[in-house]
1. Going through region 264-285 one residue at a time, which ones are acidic (D, E) and touching a residue at least 24 places away in the same chain (Cβ under 8 Å)?
2. If I filter region 482-498 down to residues being of a type in the set (S, T, Y) and part of a loop (DSSP other than H, G, I, E, B), which single residue comes out as most open to solvent (accessible area, probe 1.4 Å)?
3. Being open to solvent by 30 Å² or more (accessible area, probe 1.4 Å), modelled with pLDDT under 95 and more than 22 Å from the chain's Cα centre (by Cα), is that true of even one residue in region 394-411?
4. Does region 311-334 hold any residues that are open to solvent by 10 Å² or more (accessible area, probe 1.4 Å), at pLDDT 95 or above and among the hydrophobic types (A, V, I, L, M, F, W, C), and which are they?
5. Answer yes or no: is there a residue in region 292-310 that is open to solvent by 20 Å² or more (accessible area, probe 1.4 Å), closer than 20 Å to K396 by Cβ and acidic (D, E).
6. When you go through (1) open to solvent by 10 Å² or more (accessible area, probe 1.4 Å); (2) in contact with a strand residue (DSSP E or B) (Cβ under 7 Å, 6 or more places away or on another chain); (3) under 24 Å from I254 (Cα atoms) one by one for R182, which number turns out not to apply?
7. Give the residues of region 177-213 that are of a type in the set (A, V, I, L, M, F, W, C) and in a loop (DSSP other than H, G, I, E, B), sorted by residue number.
8. Output the residue which, of all residues in region 335-386 that are open to solvent by 20 Å² or more (accessible area, probe 1.4 Å), of a type outside the set (D, E, K, R) and part of a strand (DSSP E or B), is nearest to M404 (Cα to Cα).
Amino acid sequence: MRYIIHDGQICDGSGEKPYRGDILLEGKVIRQIARRDETSGGISREAEGIHIEAEGKTITPGFIDTHRHCDIAALYDEDFGKLELAQGLTSVVGGNCGLGIFPCTDRYREEVFNYVEPCLGIAPKDMWISGYPEYARLLEKRGAPLHVGCYQGLGAVEAAVRGYGKSPLTPKESDMAKGYIREALEAGCVGISSGIMYQPECYFSEEEMVELLKVAAPYGRPLACHIRGEGDNLVPSVKEIIGLCKKAEIPLNISHFKATGIKNWGKNIHQAIELIEEARAAGQDVTVDFYPYCGGSTTLISLVPPDIMEEDLQETFRKMLTREGKEALKDSLYREHPGWDNMVTAIGWDRIRISSVTREENRDLVGLDFKAAALKRNCEEPAYLMGDLLAQEEGKVGIILLSMSQEDVDTVADLPYSMLISDALYGVSDCPHPRLYGSFPHFLQEYVVKRKRMTLEQAVKKMTSMPAKRLNLRKRGLVREGCYADLNVFSLDSFRDHATYEDSKQLSTPPDYVFTDGTLAVEKGKFVKDNRAEILNL
């Protein structure tokens, strides 16, 4: 199929200024680009092909979101692709924060699926994915209207071989974990991910972590890491992961780089940036990404202090059913813990919102902060309500943390090595974080149109060529002859998000046209049925 897009403002993803031009798409690639100026009238409107008029519209590469928790949705959600394409996304990557649904083992399968449910969604009862090679085959078989790739999560590997306990890996378990990592990368996985703040990775020793990272080093693909702490412990956590990756000789991307906790605003982020820039100046490959909101989203269980966690998750939940367990939780939540960020003391219960639950009797709490939810339940202490929810829901509770300052988010957005992500969670929720539905148009509207924090070309680069380069995605992320024809055509006036914290399940107004490998996925603002794109496999 041949398409000719006429007279658009081409913002090519490189960071260079947009220019007027025509683009010929043939097959999967951009065959020709013709500038329109005083000496050239572009590509003839008599040329063979389907002609699209783009006067007054912007043409960009398709946007690339390297951080979505869409691992299960990409396989099983019938509507997967709609809320992504509505944001101009043509490529997405799952398997972030060390979390994942593969490899799968008999002993820990159910425990793993329960743990990741608030982030990834409900796993079908018959789902069994032995490792990344099988996941890639299933993606290919299912098909999606945009490109989907995946990291191999280190937490998923460790949980598969030893569960969520605190003990170190045995030599046999370590060999199994290394084998899974090697298998994934050999099969074309885009990289590895880590979530050091989550179980079981929070119990890794430095030696264990470096050993696993070294397995991935020869492949030249990055580690995307949710660091140990993003509040009081941001600076030592950044120092820790830079040091680990230097020892392992592996490229590093720090996921959703931010400073949480009111007392840390305007301070910690600058100290952390100094560490990153020292490492970069010394030749280390370090980048960061961010989402364009002041609120984050995670699981309620991630707020449980480490001294409260038991070796077995079910034992932790059983403890929450007792008065003694709730008192212990309350006592621990109002203390500081060296090396662990306490979000309750950092931002307060009124900045922690309940975004998802699984039990019908708790749905009335969704959208409320913990202080309001405790009042609604006539509960004398929010910590007691937290204990009740953890026990009743077996940890399957999603939360939104209003933990960042706009100035700090802007500081990260301004960095020349920062890229845009969504960190979208796909857990079942009546009130998910708005970043699931709106991150990419929200970024353009807030940073380019409304606040004019950066130029269009600067913003587009952070959504296209930078993530493509970070993940070694050849011939993607740029509007150049010979590149794959992943393209957006839109007007900045109409391409916008509608999701808010109060009413988040709102699709963005999509681009006029979205192409994946030269095939229309969105045409005149409408989704094209049965469009299928290749998976991202290196």
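1. Initially, region 264-285 is screened for residues acidic (D, E), giving 274, 277-278, 285.
Selection gives D285 alone.
2. Just the residues of region 482-498 that are of a type in the set (S, T, Y), to begin with: 484, 491, 494.
Adding the requirement that they be part of a loop (DSSP other than H, G, I, E, B) leaves 491, 494.
Numbers: S491: 24, S494: 50 Å².
Among them, the one singled out is S494.
3. Yes, region 394-411 has at least one match.
4. The one that is open to solvent by 10 Å² or more (accessible area, probe 1.4 Å), at pLDDT 95 or above and among the hydrophobic types (A, V, I, L, M, F, W, C): A328.
5. Yes - at least one qualifying residue is present in region 292-310.
6. Condition (2) is where R182 drops out.
7. Of region 177-213, the ones of a type in the set (A, V, I, L, M, F, W, C) are 177, 181, 184-185, 187, 189-190, 192, 196-197, 202, 204, 209-210, 212-213.
Listed by number, the residues that qualify are A187, C189, V190, I196, M197, F204.
8. Looking at the filtered set, the residue picked out is W340.
The values are calculated or read from the model by the stated rules, or taken from the named source; none is laboratory data. It should be emphasised that the depicted structure is a prediction, and the values quoted were computed from it without experimental measurement. Glycine gets a Cβ as well: all are built from the backbone with ideal geometry, and neighbour counts include every protein chain shown. What goes into the accessible areas is simple: the full protein's heavy atoms, side chains included, and nothing from ligands, DNA or RNA. Shrake-Rupley method; radii C 1.70, N 1.55, O 1.52, S 1.80 Å.
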